[in-house]
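Values in this text are rule-based calculations from the coordinates and carry no lab data. What you are looking at is a predicted structure, and each value in this text was computed from that prediction instead of being measured. With ideal geometry, Cβ positions are generated from the backbone for all residues, glycine too; neighbour counts draw on all protein chains shown.
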Amino acid sequence: MAGVTQVQTTLNGEVINFLCEPRQSLLECLRDVLGMTGTKEGCNDGNCGACTVIMDGRIVDSCLVLGVEAEGKDITTIEGMATPEGLHPLQQSFLENAALQCGICTPGFLLASKGLLDQEPDADEGRIRHWLAGNLCRCTGYDKIVRAVLQVSKAK
Amino acid sequence: MTSNQVLSEVEYNVVGTRPVRPDGVDKVTGRARYGDDTNLTGTLQAKVLRSPHPHARVKSIDTSKAEAFPGVRAVITAKDLPFASLSKEELGGDYTALKFATDHMMASDKVLFKGHPIAAIAAVNGHVAQSAMDLIEVEYEVLESVVDVREAMKPGAALLHEDLRTNDMGETADTPSNISTHMSYATGDLEKGFAEADLVMEKEYTTATVHQGYIEPHNTTAFWNSDGQLNLWTSTQGSFQVRATVSNILRLPVSQIKVTPMEIGGGFGGKITAYLDAICAVLSKKTGSPVKAIMTRTEVFEASGPAPASWMRVKIGVKNNGKITAVETEMAMDAGAYPGSPVMQAIVCAFACYDVENGKVDGYDVVVNKPKSAAYRAPGAPQAAFAVESLIDEICGELKIDPIDFRLLNAAKEGTRRIEGLVAKRIGLVECLEAARDHDHYKSKLENGTGRGVACGYWPNRGFQSSVVMTVNYDGVVSLIMGSVDIGGTRASIAQQTAETLGIAYEDVKPTVVDTDSIGYTFITGGSRTAFATGIAAISAAEDVKEQMISRAAKIWDTSEDDIEFVAGMISHKSDEELRLSFKDLARQTATTGGSITGRSSVDPSGEGNGHAVHIADVSVDQETGKTDVTRFTAIQDAGKAVHPSYVEGQMQGGAVQGIGWALNEEYFFDDTGKMLNSSFLDYRMPTSLDLPMIDTVIVEVANPGHPYGVRGVGEAAICPPMAAVANAVTSATGNRMRSLPITPGKILEAGWDSVKS
Amino acid sequence: MEPFDYLSPSSIEEAVKTLASKGDQARIMAGGTDMLVQMRAGRRTAPLVVDIKEIPDLNVVSYDATNGLTLGAAVPCYKIYQDETLSAAYPGLMDAASLIGGIQIQGRATIGGNICNAAPSGDSIPVVIALGGVCNIAGPNGTRQLPVEEMCTAPGRNALADGEILVSVSIPAPQAKSGASYLRFIPRNEMDIAVVGVGSSVQLDASGQNFVSARISLASVAPTPVFAKEAGDSLAGKPVNEETIQAASELAQAAAKPISDMRGTIRQRTHLVGVLTRRTLNIAIERARGG
């Protein structure tokens, strides 16, 4: 069996170290090694976006990143979205707009939406729908999610 | 016109408002604990070995190499389940039912679908368990399989169960068959009805196997304590349902099992069946450790419970003015590997939107070599609605009658007697149709190359048992404890009904969903019952609290309870204006007047009001590629009273979009032997955000007389109309009638080529 | 997933040395968006995964109007479409880069990986073939070049020999009055495997009314991406009109050898090759005239 590797990465603003096997995905490392279960598994093959995290400013499916690849990277997960001062505007908007039902896809949608608005603060509906196409939601029909993102987008 | 309208008749203080849900912050910060977030010290991971064959006899299983693999702690097969050591004599009439239930969970003698569990492994981690699975040696004798529902019905078809005999209207047949049940209802004089018709149309329809598509895979953690108590933490729509299933399969008393429902990442009916719980329990007993399993997405598709494929023949007779004179249908649904398709609901719902004098409906429940079907949002009704609403659209075209006018002419209303004999109470179909007719969507002009379709849908909604306990804290905040799992906002909607009844603020009700040891029996979250039935339980528990508070006030004021009234959160003496206490003030005095106040209620209400929905769909079809895009969509539905309008809209939008997926792209592709070929979200094509417009909504409120605030269930009626609405819109855009779901680009092209030919 | 070792070399030499010594025991990983899925499903195994993303030469994006584009094999799709100069110079490449997977996938997936993965449906391959792309390959015996149309040899198999890696893809500089386009047909609007994909590039004369040359390539209609040479060649020297475009689309249809499977039938796919060839040619012509 292959050995374990030590990985140093910046996670939600803090430099951390963890041990993992090369075959463990970043998603597994977050959930099983680091106990950060806010990032969700929906398909484990890059087709649902539930495990979306931001890595070096880009959204990625953490199931398709190896834990060892996190070395030297800067990663944001759902646990890093709110601050001690309060929720991120997108989190607040999702709550107010009832943009979640079961909530399992919500962390992925929030990170993906943050990834968009960080780059394109004025994203319109078409752009939001295109950007979020890699995130599946089965409860809402997307209507209220798109509205929630749109509300923050226009607010900026 | 606004995108989301509420046509309200009655206003309340809390019911009908849109507060933030109590579990919202946990769910937007990643702190909410879903099933797979359970992590007990020393947890082992389980993996299930599944059959690669849709139909085969299991000749032998050798697990010795897997057991010896480093890191593996236990391997189980069907031999490790109680059924293996029970005899037919001991079980008597329960034998077949228990065999089906146990075999479905883990096959003993035969595998009946690809993905059928055959063994399970617990190991130190999932990778090790996965590797060890390759070391289990199973010898199969592959059998001929049967995949199509109509093929399975034919005499001479390969048989799944050698001892399954058709129950034909209560009579058991002599010879084995794949047809498990034939059921039928009739009313009036069918022959006379069709003879009176000016136009009779009869067509056949098919729908494909589809999946609920919840994003969270099935998961369970089991820990069998040394004291014999079995604990389960799982993702389920019904913790008591899981308890019952595990109790049955493991032959344990229900009180020896505690099921804790974790947050659930979607269900839509698919998370009622307990697939992994008993497997993890047996592995936990064998290893002495907690055991967790999570399905892969492929396992979810291949081995949970999709909605059945169907074949339907519908015949309708009408007068030239559009009045229906007779209806008839035959519907066959594939139950998958074991009996139990929702064909009964299909035939009962098929014509429920119409006032029908003469009618006959027949249903066939048929086993095939596919995963055992499960409930999916209004089980059975969407397929039936697709067929009936498509034929009605065709009739409207023939008669040149506006499809909403036709439906208004024939609509079921209070007093309408349905084919199965039930008489409708106050329902809101006519109001929904009128709202559709008056909506600016329906009045708007269509652009070239686009089409419009309308359809309606019906779901009876459900009552069943619910339990609620509430305690009044000394600060006046009420702890609301319930057994109903919250899939989409019921903590909020039950808290709202509680606050409304007590006359206190929504923020002063704190709801918690608890385990099976901590609350009375509560049926699943499903059937569009929770806001209604658990709502009634909460209202009734709140009334209990009110009575107790009145008696406390009587004690404090040293007066009779009859002198006191509880109105709008104030407890007052009826004749002495000085004697008034707010809910909070009185709560503060409970400790000194007899201790804490606890309200409780277990209910089993009837009086669920039937649900109706009407949808309008606009589509544009690229005639060169056959691709359909939904360009505008309006969902109209009678909610009775929308407790939390945002979550009612969410149900309407979610149901509409699942229906759009069902209409256009979603289907299981099977090869000839029944092997699913597209078991991933890449190839099982659910709609993405880019495939949809905003889904406009109109909430119609026709109060349900069976609920104090008029509430009707809303989850399910929403998925009944969209398939026909979209199909009718495609016909309007292309001129070709599509009678087989899904309406893929390939089928649209083929229909175009065929119409050129003919 | 079966256990494996992981190596992230920092130079081509190191990578080639490792790959040459390990033979078929090693697999190259770029974005990982195909490979990790295949490994997890047990369709591929690799005792050693060689991650090439830390090799500077494989991260090169170099473009000038004379020498054209050199695109490192580890460059993720988003870096292509976020680059305004590249977007303007190679709109056809943008078409492909911006529709592979969703945004998350585009943050990782690479054109080089798409070519080496050699799926019949690889979305970037037809347009790179249409643009005359060439693979720059390094191996134990030095470097070599191979036209992209010769890279895919069978489903999931490429022309790389043991020890070789794809370093970059070179695409000639776009000439005046040239344009390209890629379209695929999928039943949804995102996140699908192409039922049919067509990449076309055209070079028009100064008037913009006649073809000088054209290249057309197809996805999902054969075991490997198809370079429909005769279809493109048929346009050389011909006027731009419906008849010439129709004739080319029919030659493209003739070059397609599709199968019927769950994503489409032979008839549907052949029909779509015609539709998409016409559509991509028309977009390419419009871009050529505009540019």
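Some values worked out for this structure:
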quantity	calculated
For the range B:665-680, 3J(HN,Hα) per residue [Karplus equation, 6.51 cos²θ - 1.76 cosθ + 1.60, θ = phi - 60°, Hz, x = Gly/Pro]	9, 7, 5, 7, 8, 10, 7, 4, 9, x, 7, 6, 9, 10, 8, 8
Relative contact order computed over chain B (Cα-Cα under 8 Å; 6+ residues apart), in percent	16 percent
Rounded if a/c under 1.5, otherwise prolate or oblate - chain B, Cα gyration tensor axes	oblate
Relative contact order (%) - the range B:466-557, alpha-carbon pairs under 8 angstrom, separation at least six	38 percent
For B:V698, distant residues with modelled amide H under 5 Å away	B:Q5, B:A635, B:I636, B:Q637
Furthest towards positive pole of dipole, B:M331, B:V361, B:A274, structure part chain B, Cβ charges	B:A274
Hydrodynamic radius (Kirkwood) for the range C:5-51, which is based on Cα pairs only, to one decimal in Å	10.9 Å
Inter-part distance where the range C:71-93 and the range B:263-296 are each reduced to a Cα centre, Å	46 Å
Unit charges on C-beta of K, R, D, E only; dipole of the protein assembly as shown, Debye	1100 debye
Under 5 Å, built H, 5+ apart or other chain: amide partners of B:S373	B:G336, B:A337, B:Y338
Of the DSSP H helices in chain B, those whose Cα atoms cover at least 20 Å axially and whose Kyte score averages -1.0 or more	B:381-399, B:535-557, B:645-664
Number of partner chain Cβ atoms within 10 Å, mean per residue of B:478-488	1
Neighbouring partner chain Cβ atoms per residue of B:295-308, average, 10 Å criterion	1
Amide hydrogen neighbours beyond the local backbone of A:C137, cut-off 5 Å, H modeled	none
Gyration tensor over alpha-carbon atoms, the protein assembly as shown, equivalent ellipsoid semi-axes in Å	49, 37, 32
Residue-by-residue Karplus 3J(HN,Hα) for the range B:330-336, coefficients 6.51, -1.76, 1.60, Hz, glycine and proline x	10, 10, 10, 10, 8, 7, x
Averaged over B:689-702, number of beta-carbon atoms from partner chains that fall within 10 Å	5
Chain C: angle of helix C:242-255 to the longest principal axis, Cα-based, in degrees nearest 10	40 degrees
For the range B:557-581 and the range B:338-367, distance of Cα centres in Å	54 Å
Centroid-to-centroid separation of the range A:1-75 and the range B:662-711 [C-alpha atoms, Å]	32 Å
Relative contact order %, the range C:5-51, counting alpha carbon pairs below 8 Å whose residues are six or more apart	56 percent
Extended-chain gain in nm, criterion 0.36 nm per residue less alpha-carbon gap, B:K319 and B:T559	79.4 nm
Rg and Dmax [Cα atoms of the range B:119-176; Å; Rg one decimal, Dmax integer]	19.2, 52
Residue-by-residue Karplus 3J(HN,Hα) for the range A:66-77, coefficients 6.51, -1.76, 1.60, Hz, glycine and proline x	7, x, 5, 6, 6, 3, x, 8, 10, 10, 10, 10
Distant alpha-carbon pairs in the range B:154-278 (separation over 16 angstrom), percent	75 percent
Cross-link table B:K258/B:K372; B:K258/B:K286; B:K47/C:K22; B:K47/B:K372; B:K675/C:K22; B:K88/B:K292, entries beyond 30 Å C-alpha to C-alpha	B:K47/C:K22; B:K675/C:K22; B:K88/B:K292
Prolate/oblate/rounded call for the range C:124-271, Cα gyration tensor, a/c under 1.5 rounded	oblate
Nitroxide proxy distance, nm - points 7 Å out along Cα→Cβ at B:D517 and B:D198	7.0 nm
